[in-house]
Amino acid sequence: MLAPLLLVLLSSTSTQSLGLAEAVRLGLAHAPAVEAGSLAIRQAELAQRRAALERVRLRVDAQVAELWARSDLTSSRGEASGGALGLSNLSANLEVPVFSGFRVESAIDRTQALFDASAHELHSIEQGTALAITRAYWAVRRAELLLAVELEAERRLVDAERRAIARSKTGLAPEAERARAEAGRRLQAAVVAERRAQQNEVWTQLSTLLGDPSDQFPSDQVMLLPLPGPLPELIDEALATRPELAAARARALAADHGIKEARSGYYPNLSVSGLVQYGNNPLLAGAGARAVFAAANPFAGLGADVQVGAVVSINLFDTFTTTTQVAQAEAEAARLERLSADRAQRLVTEVEGAYLRLARHHAVAAHLKEAHQSAAESTQLLSRRYRDGDSTLFELLEAELARLEIERRQALNDADGTLAGFELAAARGRLLGDLR
């Protein structure tokens with residue numbers, strides 16, 4: 001019965017239909033949170049690359065300097081000397097950490113886990129955005145269904161008022177009957193105006209999420225999705241596929257690698273290096289000093305220099321810095337592990353709630369269907385009695401409005417049940433897969 005009215009509503013607004021899958025696509029394309037998640041992945045990728053570069057470090061430097069210096073300014077013999085000093089050097093330094101106490105390896109594993117966490121978090125952001133769009137979409141469809149029911153009720157009340165006026169003019173009904181019909185029609189007009197305002201309100205919210213597609217309007221049919229299966233299987237599926245839980249596990253794994261990275265301070269470090277230089281100001285790697293060629297021209301006295309060596313170092317005492325860092329890393333790993341367990345617990349509750357809501361809507365739909373059949377039979381009976389003069393106009397009108405009230409409840413239950421089905425799909429981690 002509501003389908004013709006919905007078609008009239010859509011055609012009267014001269015808009016294009018907008019399916020839920022298309023709405024999700026538009027919303028994801030305009031969501032700042034999704035863009036932020038993509039940037040987080042980029043940052044994690046750069047951190048991963050930077051950690052991998054710690055395996056081999058190569059640095060090439062060039063330096064040219066022109067200085068003026070004067071020495072022995074306080075000499076009592078008056079022999080102070082000075083002049084211009086030109087320095088230049090081109091160097092290439094290669095350093096390979098042979099053993100770093102597993103610091104390099106742990107840093108690479110940690111950044112890989114953080115990259116995985118960022119990817120899962122982006123998927124979670126997309127799922128959350130899609131769910132928000134889905135809720136706004138079905139809020140519009142729900143308002144539209146309610147408006148259709150109220151418009152049908154208004155049409156019947158207008159018809160009842162017209163009949164009451166005709167009966168009042170011919171003396172077949174008292175003036176009070178006409179006044180009662182008019183009051184009912186005016187009250188229903190106020191309800192219709194309220195429904196229109198609600199429809200505009202939810203449509204504004206949806207259009208904001210979609211980037212203001214003013215020429216499109218939601219059009220997907222309301223349909224109760226079937227219960228997908230036993231609840232324990234749905235919970236197991238959600239625990240295995242939800243991106244939020246996968247991200248929490250990845251961050252907990254990164255914290256475990258962070259513990260290994262902090263413990264590397266307890267181990268000795270072995271590195272080999274090679275330094276190739278050309279200039280008049282070479283660096284002596286072991287001493288940390290540079291040789292100086294006394295000439296004003298920075299390109300005078302140039303020479304080549306090669307240094308190769310190995311360094312073994314171990315920290316003997318660092319004011320408990322390493323011990324504190326290890327304790328902090330262990331505490332962070334324990335905290336993230338508890339957060340992962342908490343997220344899993346809340347996920348189970350979310351799946352259970354969505355499943356029970358969908359089951360409730362299915363049960364209510366069955367009862368409303370039976371009630372609507374009874375109301376339709378009652379309306380038909382009273383219609384025949386009214387034609388035969390055995391029933392009043394308002395008895396027939398009350399029966400019709402009772403049937404409309406059941407249709408109103410059916411529209412609400414179907415719209416809310418459809419949303420519950422998508423919420424259950426989202427709780428299982430399958431919303432985007434079902435919509436795309």
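Determine which residues of segment 242-268 fall in the zone a paramagnetic label at R335 would reach in this model, i.e. backbone nitrogen under 17 Å from the point 7 Å along Cα→Cβ.
Output list for this probe position: 248-260, 262.
State, to one decimal in nm, how far the label point of E405 lies from the label point of T208, with both points 7 Å from Cα in the Cβ direction.
3.5
Ignoring everything except DSSP H segments at least 4 long, calculate the 222 nm mean residue ellipticity for the chain; use -39,500 (n - 2.57) per segment, divide by total residues, nearest 500. Mind dumping the intermediate values first?
Values: 10 runs with 286 residues, N = 436.
Estimated from H runs of four or more residues: -23500 deg cm²/dmol.
Dipole magnitude of segment 317-396 about its Cα centre, charges +1 at Lys/Arg Cβ and -1 at Asp/Glu Cβ only, in debye to the nearest 20? Could you put the intermediate results ahead of the total?
Values: 10 positive and 12 negative charges, 76 e Å.
With only Lys, Arg, Asp and Glu charged at Cβ, the dipole is about 360 debye.
With a cut-off of at most 16 other beta carbons within 10 Å, and DSSP calling the residue loop, which chymotrypsin sites (Phe, Trp or Tyr not before Pro) in segment 285-330 qualify? Please list them.
Numbers: sites: F293, F299, F317, F320; in loops: F293, F299, F317, F320.
Loop-located and lightly packed - F299, F317, F320.
With the crude spin-label approximation of a point 7 Å out along Cα→Cβ, what separation in nm comes out for A376 versus L356?
3.4
With a cut-off of 13 Å, note down the residues of segment 293-325 whose backbone N falls inside the zone around a label point 7 Å from the Cα of V276 toward its beta carbon.
304-308, by backbone N distance to the label point.
Suppose a student asked you for the relative contact order of the chain, using Cα pairs under 8 Å spaced at least 6 residues apart; what percent would you report?
About 25 percent, as a whole number.
Could you calculate the FRET efficiency of E194 with L172 from 1/(1 + (r/R0)^6), where r is the beta carbon distance between them and R0 is 51 Å, rounded to 0.05? Display every interim value, and only then the final one.
On the way: r = 34 Å, r/R0 = 0.67.
The value I calculate is 0.90.
Please compute P(r) over all alpha-carbon pairs of segment 333-436, binned at 10 Å starting from zero, and give each bin as a whole-number percent.
All Cα pairs considered, the percentages come to 14, 26, 21, 16, 12, 7, 3, 1, 0.
Using the Cα centre as the reference, give the magnitude of the dipole from point charges on the C-beta atoms of segment 198-333 (Lys, Arg: +1; Asp, Glu: -1; all else neutral), rounded to the nearest 20 debye.
Numbers: 6 positive and 14 negative charges, 204 e Å.
About 980 debye.
According to a simple spin-label model (label point 7 Å from Cα along Cα-to-Cβ), what is the distance in nm between Q345 and S219?
4.8
Taking the Cα centre of segment 122-205 as origin, work out the dipole magnitude from +1 charges on Lys and Arg Cβ and -1 charges on Asp and Glu Cβ, in debye rounded to 20. Don't skip to the answer; put the middle values down first.
Working: 15 positive and 12 negative charges, 74 e Å.
It comes to approximately 360 debye.
Throughout, read-outs are computed from the coordinates displayed, never taken from laboratory work. Owing to the predicted nature of the structure, the values given are computational and were not obtained by experimental measurement. Here the Cβ is made from the backbone with ideal geometry for all residues, glycine too, and neighbour counts use every protein chain on show.
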